[in-house]
Amino acid sequence: PQVLLLDEPLGALDLKLRQEMQSELTSLHSDLGIAFVYVTHDQEEALTMSDRIGVMHDGSLLQVGTPTEIYERPSNRFVADFIGEINLLTGTVNADGTIAVGGTSIRAERASLKPGDSATIAIRPESIDITLPDEKPVDGWNSLFGTIERRVYFGDAHAYEITTAGGNLSVRRDNRPRNALLEPGQAITVSWSPVATNVLED
């Protein structure tokens, strides 16, 4: 055949076997050299196995692109929220093109909204840095003051739930010796690059 359709082929398998079968299917695709249309609700599976991804909702194709494009440059709020974990903050576009969020001006690249428009910005948890009060965020990055509310251990990383004036944020921090553990109630600053700031359509 010129095209092979796989509809949730690994849905009933346990994690280890599913990972082994992902490798097998990738090898099979390379050996056969034909197009695979792979239907899945597993976002991680879609990202790791695909050359191109199409995200559908209510029968409409919302975005088609490479895994990197879909994950890092989602075209709208549904795609951003559906693929992976994401932080969504709402604000208003200022006259200089920045976005007012919680009393702070947030800069984003590729923003095309007009002054006065409402805007939703999206930031991935792993794109956000945490600095302590005696540390300085990276020059030119967006920043918000916040407080640690909760810490969750994932083995290779810690996830922090943080309250800021602009809204609640989830931050994923690698579990490395240089990254000190942060405790609930601790005051910190969260910061991220304007390049990692996506402005979304609703």
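Could we say that residue 72 is within 19 Å of residue 170 (Cα to Cα), modelled with pLDDT under 90 and charged (D, E, K, R) here? Here the answer is no, as residue 72 does not meet what is asked.
In this structure, is residue 3 loosely packed, with under 10 Cβ neighbours inside 10 Å, on the phi < 0 side of the Ramachandran plot and modelled with pLDDT of 90 or more? The answer is yes for residue 3. If you go through segment 44-91 and keep only what is in contact with a Gly (Cβ under 9 Å, 6 or more places away or on another chain), of a type in the set (S, T, N, Q) and under 29 Å from residue 144 (Cα atoms), you end up with 75, 87, 90. Screening segment 16-75 for strands (runs of 3 or more DSSP E) wholly inside it with 2 or more residues that are in contact with an Asp or Glu (Cβ under 7 Å, 6 or more places away or on another chain), surrounded by 13 or more Cβ atoms within 10 Å (Cβ to Cβ) and among the aromatic types (Phe, Trp, Tyr) returns no ranges. Beta carbons closer than 6 Å, at least 6 apart along the sequence or on distinct chains, pair a first residue in segment 97-125 that is in contact (Cβ under 8 Å) with a residue 24 or more places away in the chain with a second that is in a strand (DSSP E or B) and of a type in the set (Lys, Arg) for 125/172.
The values are calculated or read from the model by the stated rules, or taken from the named source; none is laboratory data. Not measured: the values here are computed from a predicted model. Glycine gets a Cβ as well: all are built from the backbone with ideal geometry, and neighbour counts include every protein chain shown.
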